[in-house]
Amino acid sequence: MKNLDLKEIKERALKIRKQYHQLEKTHHGSEWTVEEDALAFLTDAGLVGRYTMSQQGRWPKGNTNPELQHKLGECIWWLTVLAERMDIDINESVEYFLTKTENLMGE
């Protein structure tokens, strides 16, 4: 499996999101709002928590690794989509966060 860079992740994520917008128009008559996208992300982030508990033996549901892997990827997808929809460059955001945090940690 190849390593993806943020540029490729962003391109592929936005292409998929565009396809979902078409499904939303078909089923609901309009695209989801940014707020609805954010809520969908939070729902998936919550599932990451639940599947993590399961993986660590703290929730009684077996073999959630495939679901956990999917939701981790989906959360990255959602963050990429949300950044784009709010005119925030995901690359700059990650760089800013990493640099700021490294500086705080004395790296």
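The values are calculated or read from the model by the stated rules, or taken from the named source; none is laboratory data. Note that this is a predicted model, so its numbers are computed, not measured. FYI the Cβ positions are ideal-geometry reconstructions off the backbone, even for glycines, and counts take in every protein chain you see. Areas reflect the complete protein model, heavy atoms only, side chains present, ligands, DNA and RNA absent. Shrake-Rupley method; radii C 1.70, N 1.55, O 1.52, S 1.80 Å.
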Between a residue in the stretch 66-81 that is without any contact (Cβ under 8 Å) to a residue 40 or more places away in the chain and farther than 9 Å from Phe41 by Cα and any residue that is of a type in the set (A, V, I, L, M) and assigned to a helix (DSSP H, G or I), which pairs come within a Cβ distance under 7 Å, given they are 6 or more apart or on different chains? Leu68/Val48; Lys71/Leu47; Lys71/Val48; Leu72/Val48
Subset of the stretch 40-63, residues within 30 Å of His21 (Cβ to Cβ) and at pLDDT below 95, comes to none
Condition test on Asp5, is it exposed (fewer than 12 other Cβ atoms within 10 Å of the Cβ), closer than 17 Å to Ile90 by Cβ and among the acidic types (Asp, Glu)? yes
In the stretch 77-107, anything closer than 17 Å to Leu39 by Cβ, aliphatic (A, V, I, L, M) and part of a helix (DSSP H, G or I) is listed as Leu79, Val81, Leu82, Ala83
Return the residue satisfying two criteria in turn: it lies in the stretch 8-57 and is small (Gly, Ala, Ser) and within 13 Å of the chain's Cα centre (by Cα), and of such residues it is surrounded by the most Cβ atoms within 10 Å (Cβ to Cβ). Ala13
List the pairs whose first member sits in the stretch 13-37 and is without any contact (Cβ under 8 Å) to a residue 40 or more places away in the chain, whose second member is open to solvent by 60 Å² or more (accessible area, probe 1.4 Å) and in a helix (DSSP H, G or I), and whose Cβ atoms are under 7 Å apart, counting only residues at least 6 apart or on separate chains? Glu31/Lys25
Residue under question is Thr64, and the condition is that it be of a type in the set (Ser, Thr, Tyr) and loosely packed, with under 15 Cβ neighbours inside 10 Å; does it hold? no
Reported set for the stretch 82-107 where residues are open to solvent by less than 90 Å² (accessible area, probe 1.4 Å) and without any contact (Cβ under 8 Å) to a residue 24 or more places away in the chain is Ala83, Ile88, Asp89, Ser93, Leu98, Thr99, Thr101, Glu102, Gly106
